[in-house]
Protein chains: 2
Amino acid sequence: MTDRYAPSTHSPARAPAGQPARLYHTPLSPFSRKVRLVLAEKRIEVELAEERYWEQGPELFRRNPAGKIPVLRLDGMLLAESQAICEYLDETVPSPPLMPDSPAGRYEVRRLCAWFDDKFNAEVTRPVLNERVWKKVQKTGYPDSRVVKAGLSAIKAHVDYMHGLLEERRWLAGPTISIADFAAAAHFSCLDYISDVDWDRSDLVRQWYATIKSRPAFRNVLADQMPGIHPAPHYALLDF
Amino acid sequence: MTDRYAPSTHSPARAPAGQPARLYHTPLSPFSRKVRLVLAEKRIEVELAEERYWEQGPELFRRNPAGKIPVLRLDGMLLAESQAICEYLDETVPSPPLMPDSPAGRYEVRRLCAWFDDKFNAEVTRPVLNERVWKKVQKTGYPDSRVVKAGLSAIKAHVDYMHGLLEERRWLAGPTISIADFAAAAHFSCLDYISDVDWDRSDLVRQWYATIKSRPAFRNVLADQMPGIHPAPHYALLDF
Ligand SMILES: N[C@@H](CCC(=O)N[C@@H](CS)C(=O)NCC(=O)O)C(=O)O
Ligand SMILES: N[C@@H](CCC(=O)N[C@@H](CS)C(=O)NCC(=O)O)C(=O)O
């Protein structure tokens, strides 16, 4: 594995200048979706390139020595890590702003992004998608229904937590929409594709998701199909 | 579990005003150490309160609905998530600066923090500490030597990657010291406590760690002891 992190792969790795912006992604990756949503909100046009990251080709490691997607080719750089990418986009393309003005406001956005990308991912998205999507796509076995069940049970506490936030706030992190809403919506949209969200649990969370889903930025993401895995019937409907 | 994320636990949760700054932490937690190092660099004095997070008491969830440490009580708030905390500290206490001025510079710091807190943690720190420390402390079993071995083997590629970075840069993310150096040093210091770093692999990485270790900010961290687990003989030595 050593040679994969070769010095020549430093990041911000340089990409040949003059190439169009391109996102290396996977359709049902919540981290890829978060970046796509932020790109679309900022009206940055990118080509999409699907990356089968589990095949671990050398190109994957050349673009990102961590061997992960998403990777964004932009401004002659190859950018990795969804949160670092989204904050870079917000700092360099200020409109519309997706981070609040105050340090406490930005803190809260970052805390919630970590909530979804670390905690929610570990308890819900990763186990559920692993069993229900990746094992099939990557041909690594059959779904373990206990793992799926535990993941779907864990989602309840998260929906309740979000419900509590939305009782006091217009958006998850405060009065304005932020990267935190897109981080959360990215996870929910992956689960919703395979129909694993109980939208009846909270009208506030359903309303929040319906509002986000109707934004133009969401349209492209909802059009994605994962070969061999059919989306739930309500998946792309704005009224669900 | 649902009641743990009760609405009353929103963050930035409010702490009664006028209380001294306090960090709820665990001695060999890399995320706690990262925050401690940044606090010390900024010369912010805090009380330390040891939190046995694995006992999952209600106080843990009251302070941080995610049920994780570190949690920092500061300015009448209860702050969680190490990266969100460190960036908040850097934005509110600007001296010394631990983030670069340019968006590309900040991107690189954030990418590397995620490298250590996500990838390095998953491949090295978490499995190795889990087997060698937490199973003993939390009385959950005996170390699995295969897991330890895999973790210690994975560390090599990371050291080589850091070596490559340090061939071109004074600090991990660029010409100036940053949160990325403290994130990385926090992981290495936890592993070094149990003597699991092969410092002979790279003189550049050893020199980088020696320089960081000799900073006043590191002194307190190195003085920590984990009851029942003795530090390696060279652990607190500046010349190792
Ligand atoms: N912290 C990363 C996580 C990205 C991630 O875990 N991507 C997955 C696909 S959803 C991946 O590439 N996994 C391959 C691997 O971890 O080796 C980010 O936010 O971008
Ligand atoms: N993303 C968090 C991770 C913190 C974390 O994982 N802390 C561990 C101890 S090192 C913990 O509290 N684990 C308890 C749990 O995950 O339930 C951060 O950066 O602060």
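The values are calculated or read from the model by the stated rules, or taken from the named source; none is laboratory data. A quick note: this is a predicted structure, and the numbers were derived from the prediction, not measured. Every residue, glycine among them, receives a Cβ derived from its backbone with ideal geometry; neighbour counts consider all protein chains shown. Only protein heavy atoms, including side chains, enter the accessible area calculation; ligands, DNA and RNA are left aside. Shrake-Rupley method; radii C 1.70, N 1.55, O 1.52, S 1.80 Å.
7 Å along Cα→Cβ for the label point: how many nanometres lie between B:Asp118 and each equivalent label in the other copies, listed shortest first?
1.2
Report in % the part of the accessible area of the protein assembly as shown that belongs to carbon and sulfur, leaving out ligands and nucleic acids; probe 1.4 Å. Before the final figure, lay out each step's value.
Numbers: 10390 of 20170 Å².
The value for the protein assembly as shown is 52 percent carbon and sulfur by accessible area.
Distance between the C-alpha centers of the range A:131-161 and the range A:174-211? Whole Å please.
When both Cα centres are located, 18 Å separates them.
Give me, ordered by chain and number, the residues 5 or more places off B:Ala13 or on other chains with an amide H under 5 Å from its own placed amide H.
B:Leu78
Explain nothing, just the number: dipole magnitude of the protein assembly as shown about its Cα centre with +1 on each Lys and Arg Cβ and -1 on each Asp and Glu Cβ, in debye rounded to the nearest 20. If you can, show how the numbers build up before the last one.
Details: 64 positive and 62 negative charges, 121 e Å.
Dipole about the Cα centre, nearest 20: 580 debye.
Hey, if we sort A:Asp224, B:Asp118, B:Asp192 by accessible area with the 1.4 Å probe, largest down, what's the order? Write out the running numbers ahead of the final one.
On the way: A:Asp224 25, B:Asp118 70, B:Asp192 0 Å².
Greatest to least solvent exposure: B:Asp118, A:Asp224, B:Asp192.
Using unit Cβ charges (K, R positive; D, E negative) and no other charged atoms, how large, in debye to the nearest 20, is the dipole of the range A:103-215 about its Cα centre? Walk me through the intermediate numbers first.
Working: 18 positive and 15 negative charges, 74 e Å.
Magnitude of the dipole: close to 360 debye.
From largest accessible area down, sort B:Ser202, B:Ser95; use a 1.4 Å probe on the protein chains.
Values: B:Ser202 5, B:Ser95 80 Å².
Result, largest first: B:Ser95, B:Ser202.
For the range A:66-194, what class follows from the C-alpha gyration tensor (a ≥ b ≥ c being the square roots of its eigenvalues): rounded when a/c is under 1.5, otherwise prolate if a/b is larger than b/c, else oblate?
oblate
Using each residue's phi in the range B:160-173, evaluate 6.51 cos²θ - 1.76 cosθ + 1.60 at θ = phi - 60° and report the 3J(HN,Hα) Karplus result to the nearest Hz, with x for Gly and Pro.
Running phi through 6.51 cos²θ - 1.76 cosθ + 1.60 with θ = phi - 60° gives 5, 5, 5, 4, x, 4, 6, 5, 10, 9, 5, 10, 4, 9 Hz.
Just tell me how shielded A:60-69 is by partners: mean number of partner chain Cβ atoms within 10 Å of each residue's Cβ, no decimals.
Working: counts 0, 0, 0, 0, 1, 6, 7, 1, 4, 0.
Counting other chains' Cβ atoms within 10 Å and averaging over A:60-69 gives 2.
Please state the relative contact order of chain B as a whole percent: Cα pairs under 8 Å, 6+ residues apart? Mind dumping the intermediate values first?
Details: 314 pairs, mean separation 50.6, N = 240.
Normalised by residue count, the contact order of chain B is 21 percent.
Based on the alpha-carbon gyration tensor of chain B and its eigenvalue square roots a ≥ b ≥ c, which shape applies: rounded if a/c is under 1.5, prolate if not and a/b is larger than b/c, or oblate? Could the numbers behind the result be given before it?
Values: a/c = 1.71, a/b = 1.18, b/c = 1.46.
Oblate, because a/c is 1.5 or more while a/b does not exceed b/c.
Please identify the longest segment of chain A free of exposed trypsin sites (Lys or Arg not before Pro), where exposed means a DSSP state other than H, G, I, E or B and no more than 13 other Cβ atoms within 10 Å.
On the way: sites that count: A:Arg43, A:Arg52, A:Lys139, A:Arg170.
Longest stretch, sites excluded: A:53-138.
In deg cm²/dmol, rounded to 500, what helix-only [θ] at 222 nm does the protein assembly as shown give when every DSSP H run of at least 4 residues adds -39500 (n - 2.57) and the total is split over its residues? If you can, show how the numbers build up before the last one.
Values: 18 runs with 206 residues, N = 480.
Roughly -13000 deg cm²/dmol at 222 nm, from the helical runs in the protein assembly as shown.
So what is log10(I(q)/I(0)) for the range B:162-240 at q = 0.12, 0.13 1/Å, when the Debye sum runs over its Cα atoms only?
Those come out to -0.33, -0.38, one per q.
Using a 1.4 Å probe on the heavy atoms of the protein chains only, list every residue of the range A:75-110 that has 40 Å² or more less accessible area in the complete assembly than in its chain alone.
So the qualifying set is A:Glu81, A:Ala84, A:Tyr88, A:Glu91, A:Pro103, A:Tyr107, A:Arg110.
About the Cα centre, and with charges only on the beta carbon of Lys, Arg (+1) and Asp, Glu (-1), how big is the dipole of chain A? Nearest 20 debye, please.
Working: 32 positive and 31 negative charges, 94 e Å.
The dipole magnitude comes to about 460 debye.
Under a 1.4 Å probe, what is the accessible area of the range B:8-167 per residue, stated in Å²?
Heavy-atom SASA per residue in the range B:8-167 reads 41 Å².
With a cut-off of 8 Å between alpha carbons and a minimum separation of six or more residues, what is the relative contact order of the range B:101-206 in percent? Before the final figure, lay out the partial values.
Details: 89 pairs, mean separation 34.5, N = 106.
Taking the mean separation of contacting Cα pairs over the length of the range B:101-206, I get 33 percent.
If only Cα atoms are counted, what is the Rg of the protein assembly as shown, and what is its Dmax, in Å?
Final numbers for Rg and Dmax: 21.7, 65 Å.
Looking at A:Ser102, B:His163, B:Pro94, which one has the Cα that reaches farthest to the positive end of the dipole of the protein assembly as shown (charges on Cβ: Lys, Arg +1; Asp, Glu -1)?
B:His163
Using a 7 Å offset from Cα along the direction of the beta-carbon, what are the separations from B:Pro227 to the same position in each other copy, nm, ascending?
For B:Pro227, the other copies' label points sit at 5.7 nm, shortest first.
How many Å² of accessible surface get buried when B and A come together, counting both sides, probe radius 1.4 Å, rounded to the nearest 100?
On the way: alone 11960 and 11980 Å², together 20170 Å².
Looking at B and A, the buried total is near 3800 Å².
Using only alpha carbon pairs under 8 Å that are at least six residues apart, calculate the relative contact order of the range A:57-149 and give it in whole percent.
12 percent
Kindly give the distances from B:Arg14 to its copy-mates, label point to label point, with each label point 7 Å from Cα along Cα→Cβ, as nm values to one decimal ordered shortest first.
5.3
Below 13 angstrom from the Cβ of A:Phe218, what's the summed charge of the other residues (Lys, Arg +1; Asp, Glu -1)?
Working: positive: A:Arg33, A:Lys34, A:Arg36, A:Lys213, A:Arg215, A:Arg219; negative: A:Glu41, A:Asp181, A:Asp192, A:Asp224.
Local charge sum for A:Phe218: +2.
Quantify how strongly other chains surround peptide A:114-123 by giving the mean number of their Cβ atoms within 10 Å of each of its Cβ atoms.
Working: counts 8, 7, 0, 2, 6, 5, 1, 0, 0, 1.
Mean partner-chain Cβ count within 10 Å for A:114-123: 3.
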